[in-house]
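First the structure, in the form of C-alpha cells, and then the observations on it.
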Amino acid sequence: MSIAEELGTDAEIVIYRKDPPDAATLREIIAKLEDPPTDLVRRDATWDKLGLTDADVQTVDQIVDVIVANKMIMQRPLLVTAEKAIIGRPKDRVRSLLS
C-alpha cells in the first residue's frame, strides 16, 4: 500500500522512466522544489558513467539539460503538489507532505 492510499489522498503516479518530464515541466518542478535544485540529480553509477561533477549541475539550466539528456539521473521518487515539490527520501517526507 502506498503512503497516499494509506492517508486516503488521491495521487497521480507518473513513471518518469516511461514518461520523463520535458524541460518546461522540470523548470516548474524546480520552481516548487523545497530541496536544493541540485539534489534532483542522482549521484549514482549513471552519474559516474557520464563523468559528471558538481560543476555540471550548479545552475537550473544545467540541471534541466542533464536530466533531459539522461532521464535515469533524476532523483526519485518525486512528489509534486500545486504548491510544492519534494524528493521523497526518506519516506517520512512523503507522509509529512501528504498529511
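For the stretch 82-99, the set of residues classified as surrounded by fewer than 16 Cβ atoms within 10 Å (Cβ to Cβ) and touching a residue at least 40 places away in the same chain (Cβ under 8 Å) consists of GLU83, LYS84, LYS91, ARG95, SER99, listed by residue number. Is one or more of the residues making up the stretch 49-57 crowded, with 16+ Cβ neighbours inside 10 Å, among the aliphatic types (A, V, I, L, M) and at pLDDT 95 or above? Scanning the stretch 49-57, I find at least one residue that is crowded, with 16+ Cβ neighbours inside 10 Å, among the aliphatic types (A, V, I, L, M) and at pLDDT 95 or above, so the answer is yes. Scan the stretch 35-44 for residues that are open to solvent by 50 Å² or more (accessible area, probe 1.4 Å) and touching a strand residue (DSSP E or B) at 6+ places or on another chain (Cβ under 9 Å) and jot them down. The answer is ASP39, and nothing else. The set of residues in the stretch 1-34 being at pLDDT below 90 and open to solvent by less than 40 Å² (accessible area, probe 1.4 Å) consists of ILE3, ALA4. The helices (runs of 4 or more DSSP H) found entirely in the stretch 13-99 that carry 1 or more residues being among the basic types (Lys, Arg) are 23-32, 45-50, 92-98. One residue stands out in the stretch 60-99 among those that are farther than 26 Å from LEU50 by Cβ and among the acidic types (Asp, Glu): the one that is modelled with the highest pLDDT, namely GLU83.
Within the stretch 16-32, the set of residues being within 12 Å of ILE67 (Cα to Cα) and of a type in the set (Lys, Arg) comprises ARG17, ARG27.
The values are calculated or read from the model by the stated rules, or taken from the named source; none is laboratory data. What you see is a predicted model; the values in this text were computed from it and never measured. Using ideal geometry, Cβ is built from the backbone for each residue, glycine included, and neighbour counts are taken over all protein chains shown. Only protein heavy atoms, including side chains, enter the accessible area calculation; ligands, DNA and RNA are left aside. Shrake-Rupley method; radii C 1.70, N 1.55, O 1.52, S 1.80 Å.
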